Amino acid sequence: MKTVTFTEFRKNASQVLNLVEKGESICVLRHRKPVARIVAAESHENQPAWKRPGLRLATAGDSLSKAVLEERRSSL
């Protein structure tokens, strides 16, 4: 784990976040005491299925409701 001061983090946030994206974890110090740990966020592959966004199904053609209404009209 790499350690940086709060001032270093503020000045070089982009480079620090690049390291985090590559898998490094960063400990941020303020007044020589750890105040934060920065780690990469979980990707969707690591999330359980119930937390992932659902699939949206779409088909070509008329909607089901239109087909039902037309069927009802034709049967009258």
Quiz item: How many residues does the range 55-65 contain that are at pLDDT below 75 and either surrounded by 10 or more Cβ atoms within 10 Å (Cβ to Cβ) or not in a loop (DSSP other than H, G, I, E, B) (or both)?
Solution: 1
Exercise. Considering only residues that are part of a helix (DSSP H, G or I) and of a type in the set (K, R), look in the range 1-54 and name the one that is surrounded by the fewest Cβ atoms within 10 Å (Cβ to Cβ).
Key: K51
Practice problem: Being surrounded by 10 or more Cβ atoms within 10 Å (Cβ to Cβ) and either part of a loop (DSSP other than H, G, I, E, B) or of a type outside the set (A, V, I, L, M, F, W, C) (or both) is the filter; apply it to the range 66-76 and report the residue that is farthest from the chain's Cα centre (by Cα). | Solution: E70
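The values are calculated or read from the model by the stated rules, or taken from the named source; none is laboratory data. All values reported here derive from a predicted model rather than from experimental measurement. When we count neighbours, we look across all protein chains shown, and the Cβ atoms used for this are built from the backbone with ideal geometry, even at glycine.
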